[in-house]
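K.L.:
Sharing a structure below in structure tokens format, with a few things to ask.
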């Protein structure tokens, strides 16, 4: 007992020297739980029971809560990050799957899959304050870096919708490939990347001209093209590299932003969907639905360095700022 | 090459709600039949809008998309009674300016309809007939098959049974033509995937009522008699599209064996219990609008109309010729909650699709099964692959 304790301290000291410790929360779609991971020990330190079918997950801007969309309960639950208890919920509209916050963190924009709408929530007041009609099966959500344009992707309509968050209306729509799942801006806001899960591509859109400038395709030797189904897209802070999770292809593609060329495919767990960086950008965590684990990618060496077992069908991940 | 660059240009067109006022109107026809099928289970009785409801929901979905593209979709349906002439229905739709027709018709009626529309350049979407001959000797340039063929359904089931090592089959088939055709497809699948039919029996339809007030007592003793004295087998495979006997088999066979085919584990293009790959959203939309479960004919019609919507949004054209040639081309794909993109086989215009295996309560598996490999698309392990085709598109 004592030996393990001492060893524990020893390991903690060892890792504390190599990297700062952060906390990651992972939503487990089938278990109805959220796994809390310590990025120092790479261990699950707590499993939190939440509502039904937890998918979209993110810290609030003030880091006091983790918000998790519980689709089958038609709500977004709030986990207190000090106590790890579910302490409240937001009125999200029916079947919330994915959401994004406005620049000040006060407003939350939620994709309601069953309703063809994006719902707007005032987080401090925990009140629903508006809705925007979009295409069929809204999913991906992201705010432009300047906070002026909100993007929503609709899976059956196959579009990225550009929404004016002040006027709360769609100002432009761009056709992409089939079943767009995720949208991400480059840090300078000059490119919008949209993944198409069934189409198997990532469209790079000029957000001013509203046109697709490039289509990135993927090919992994020995893998049939139908298995390559891009979902999550995460771009490094300095805007050099993009990571694209390829779903049942069990790989994450690393793409050079400047050339839009795939540099490398990293083998992770099975059916990889969403990802998040540690705030020091040293690591990228991926959720692997079918192998019930999280892969840890070392961003500098582009190698998978660890795997953490979580609950069933891990879906999304969010990591603390400190 | 030229096609690719034209397409690329189209993909680059940005769309905004502030487009000029001229809306592209897309009119879609639907021809179905007023079904008077009798089934063993009350749960299986077809709704009066079976199939049509799926088309109507897809028109809604297309219009939600269309409002961002200034495209508008409308459906005009004609439901045929037994003796009605399908050619007359085609004429009527064509006179109303419709050139894209979704048909949920039996094979002969579909052939009559598509022949009637041929001269006028009409394109048909077969959302109902599973007949293999429509994809083989009777295939046509102006008929796109959304419904899976019997061969695809049988292959999907066979792959799963072989994966389970249930390779000794006791085949029981009905006495009506469609039952015999499905039995043929099952025999073909057994040969393809290495199963063995150890016994075959025909279950004759003697014309009795499916349901009687005290019928269960008799059935309970009849089915064990019918299935006894067979060589040892792993699974009882039924071919009973006419729904005369298959649903009586589970739990009543002489030996304790699972049942598959037309009862028990059934291959199908859709099941109301299915929620994977985003299907839950489609199921909810459907149930909300029609207050009933979504069935395979509904899904086939939905997919047909969504394919039209997809082709219209990519080509910005309502012209049947443009739409059909885009669908036949290499850039067409539609997402239909099956985990894979669905595309057309260029040799017989059959939609490639995974097939669900449902037991009436849940989806047990989705074929193609792991290990059934193919050099181009694993979906082509289901049904008639390019080397098997007898189709000459004309």
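K.L.:
Name the residues in the stretch B:306-315 that are more than 10 Å from every other protein chain (Cβ to nearest Cβ) and touching a residue at least 60 places away in the same chain (Cβ under 8 Å), would you?
P.N.:
Result: B:307, B:308, B:312, B:315.
K.L.:
Shifting gears a bit: Go through the stretch B:258-298 and count every residue that is more than 14 Å from every other protein chain (Cβ to nearest Cβ) and assigned to a helix (DSSP H, G or I).
P.N.:
4
K.L.:
When the stretch B:161-183 is examined, which residues are found to be outside any strand (DSSP E or B), touching a residue at least 12 places away in the same chain (Cβ under 8 Å) and closer than 30 Å to residue B:103 by Cβ?
P.N.:
B:175, B:176, B:178, B:179, B:180, B:181, B:182, B:183 - these are the residues of the stretch B:161-183 that are outside any strand (DSSP E or B), touching a residue at least 12 places away in the same chain (Cβ under 8 Å) and closer than 30 Å to residue B:103 by Cβ.
K.L.:
Quick check on the stretch A:83-114: of everything there that is within 14 Å of chain B (Cβ to nearest Cβ) and under 21 Å from residue A:194 (Cβ atoms), which residue is nearest to the chain's Cα centre (by Cα)? Working first, answer last.
P.N.:
First, the residues of the stretch A:83-114 that are within 14 Å of chain B (Cβ to nearest Cβ): A:93-98, A:111-114.
Narrowing the set further to residues that are under 21 Å from residue A:194 (Cβ atoms) leaves A:96-98, A:111-113.
Values: A:96: 14, A:97: 11, A:98: 8, A:111: 13, A:112: 16, A:113: 16 Å.
Filtering first and then ranking leaves A:98.
K.L.:
Still on this structure, please answer the following. Output yes when any residue across the stretch A:251-271 is within 14 Å of chain B (Cβ to nearest Cβ), within 18 Å of the chain's Cα centre (by Cα), within 26 Å of residue B:377 (Cβ to Cβ) and touching a residue at least 12 places away in the same chain (Cβ under 8 Å), and no when none is. Steps first, answer last, please.
P.N.:
The first filter runs over the stretch A:251-271 and keeps only residues within 14 Å of chain B (Cβ to nearest Cβ), leaving A:270-271.
Still in the list and also within 18 Å of the chain's Cα centre (by Cα): A:270-271.
Going one step further and asking which of them are within 26 Å of residue B:377 (Cβ to Cβ), we end up with A:270-271.
Cutting the leftovers down to touching a residue at least 12 places away in the same chain (Cβ under 8 Å) gives us A:270-271.
Yes: one or more hits.
K.L.:
Name the residues in the stretch B:383-394 that are in contact (Cβ under 8 Å) with a residue 24 or more places away in the chain and either in a loop (DSSP other than H, G, I, E, B) or within 12 Å of residue B:351 (Cα to Cα) (or both), would you?
P.N.:
Scanning the stretch B:383-394 gives B:383, B:384, B:389, B:390, B:391, B:392, B:393, B:394.
K.L.:
Output the number of the condition that residue A:279 fails; it satisfies all remaining conditions of (1) closer than 30 Å to residue B:375 by Cβ; (2) surrounded by fewer than 21 Cβ atoms within 10 Å (Cβ to Cβ).
P.N.:
Going through the list (1) closer than 30 Å to residue B:375 by Cβ; (2) surrounded by fewer than 21 Cβ atoms within 10 Å (Cβ to Cβ), residue A:279 breaks only (1).
K.L.:
What residue, among those in the stretch A:133-162 that are assigned to a strand (DSSP E or B) and more than 12 Å from chain B (Cβ to nearest Cβ), is surrounded by the fewest Cβ atoms within 10 Å (Cβ to Cβ)?
P.N.:
Only one residue tops the list, namely A:143.
K.L.:
Now for a separate question. I'm trying to understand the selection: among the residues of the stretch B:40-59, which are surrounded by fewer than 16 Cβ atoms within 10 Å (Cβ to Cβ) and in a helix (DSSP H, G or I)?
P.N.:
Passing the criteria: B:42, B:43, B:44.
K.L.:
Then there's this: Is it the case that the stretch B:7-28 has a residue that's at pLDDT 90 or above and closer than 30 Å to residue B:174 by Cβ?
P.N.:
no
K.L.:
crowded, with 21+ Cβ neighbours inside 10 Å, at negative phi, within 11 Å of chain A (Cβ to nearest Cβ) and out of contact with any strand residue (DSSP E or B) (no Cβ under 7 Å at 6 or more places or on another chain): is that true of residue B:342 in this structure? Working first, answer last.
P.N.:
Values: crowded, with 21+ Cβ neighbours inside 10 Å: yes; at negative phi: yes; within 11 Å of chain A (Cβ to nearest Cβ): yes; out of contact with any strand residue (DSSP E or B) (no Cβ under 7 Å at 6 or more places or on another chain): no.
Here the answer is no, as residue B:342 does not meet what is asked.
K.L.:
Identify, from the list A:204, A:194, A:198, the residue that is touching a strand residue (DSSP E or B) at 6+ places or on another chain (Cβ under 9 Å), within 14 Å of chain B (Cβ to nearest Cβ) and modelled with pLDDT under 95.
P.N.:
Numbers: A:204 fails: modelled with pLDDT under 95; A:194 fails: modelled with pLDDT under 95.
Just one listed residue meets the conditions, A:198.
K.L.:
All but one of (1) within 14 Å of chain A (Cβ to nearest Cβ); (2) on the phi < 0 side of the Ramachandran plot; (3) surrounded by fewer than 20 Cβ atoms within 10 Å (Cβ to Cβ) hold for residue B:328; state the number of the condition that does not hold.
P.N.:
Residue B:328 satisfies all of (1) within 14 Å of chain A (Cβ to nearest Cβ); (2) on the phi < 0 side of the Ramachandran plot; (3) surrounded by fewer than 20 Cβ atoms within 10 Å (Cβ to Cβ) except (1).
K.L.:
Here is a further query. Is there a residue being in contact with a strand residue (DSSP E or B) (Cβ under 7 Å, 6 or more places away or on another chain), at pLDDT 95 or above and more than 14 Å from every other protein chain (Cβ to nearest Cβ) anywhere in the stretch B:34-42?
P.N.:
no
K.L.:
Please work out if residue B:300 is touching a helix residue (DSSP H, G or I) at 6+ places or on another chain (Cβ under 6 Å) and under 19 Å from residue B:356 (Cα atoms).
P.N.:
So residue B:300 fails the test.
K.L.:
In the stretch B:372-382, which residue that is in contact (Cβ under 8 Å) with a residue 12 or more places away in the chain and within 13 Å of chain A (Cβ to nearest Cβ) is nearest to residue B:337 (Cα to Cα)? Spell out how you get there, then give the answer.
P.N.:
First pass over the stretch B:372-382, keeping only residues in contact (Cβ under 8 Å) with a residue 12 or more places away in the chain: B:372, B:377, B:379-382.
Adding the requirement that they be within 13 Å of chain A (Cβ to nearest Cβ) leaves B:372, B:377, B:379-381.
Details: B:372: 21, B:377: 18, B:379: 15, B:380: 18, B:381: 20 Å.
The extreme case among them is B:379.
K.L.:
Does residue A:228 satisfy the criteria of being more than 18 Å from the chain's Cα centre (by Cα) and either surrounded by 22 or more Cβ atoms within 10 Å (Cβ to Cβ) or at positive phi (or both)? Explain how you work it out, then say what you get.
P.N.:
Numbers: more than 18 Å from the chain's Cα centre (by Cα): yes; either surrounded by 22 or more Cβ atoms within 10 Å (Cβ to Cβ) or at positive phi (or both): yes.
Yes.
K.L.:
Here is a follow-up. Which count do you get for residues in the stretch A:163-184 that are more than 7 Å from chain B (Cβ to nearest Cβ) and either touching a helix residue (DSSP H, G or I) at 6+ places or on another chain (Cβ under 8 Å) or under 26 Å from residue A:226 (Cα atoms) (or both)?
P.N.:
Here the count works out to 7.
K.L.:
Applying the selection to the stretch A:207-220, what residues are closer than 24 Å to residue A:302 by Cα and either crowded, with 22+ Cβ neighbours inside 10 Å or away from chain B (no Cβ under 12 Å) (or both)?
P.N.:
Result: A:216, A:217, A:218, A:219, A:220.
K.L.:
For residue B:362, only one of the following conditions fails: (1) more than 14 Å from chain A (Cβ to nearest Cβ); (2) under 30 Å from residue B:43 (Cβ atoms); (3) touching a strand residue (DSSP E or B) at 6+ places or on another chain (Cβ under 6 Å). What is its number?
P.N.:
Answer for residue B:362: the failing condition is (3).
K.L.:
Filter the stretch B:60-94 down to the residues that are outside any strand (DSSP E or B) and within 14 Å of chain A (Cβ to nearest Cβ) and list them by number.
P.N.:
B:60, B:61, B:62, B:63, B:64, B:65, B:66, B:67, B:68, B:69, B:70
K.L.:
Residue A:223 passes all but one of (1) closer than 16 Å to residue B:68 by Cα; (2) surrounded by fewer than 23 Cβ atoms within 10 Å (Cβ to Cβ); (3) within 13 Å of chain B (Cβ to nearest Cβ); which number fails?
P.N.:
Failing condition for residue A:223: (1).
K.L.:
Sticking with this structure for a sec: I'd like to know if the stretch B:217-236 contains one or more residues that are within 22 Å of the chain's Cα centre (by Cα) and surrounded by fewer than 21 Cβ atoms within 10 Å (Cβ to Cβ).
P.N.:
no
The values are calculated or read from the model by the stated rules, or taken from the named source; none is laboratory data. The structure presented is a predicted model; accordingly, all values stated were derived computationally and were not measured. As a convention, Cβ positions derive from the backbone with ideal geometry for all residues, glycine included, and neighbour counts pool all protein chains shown.
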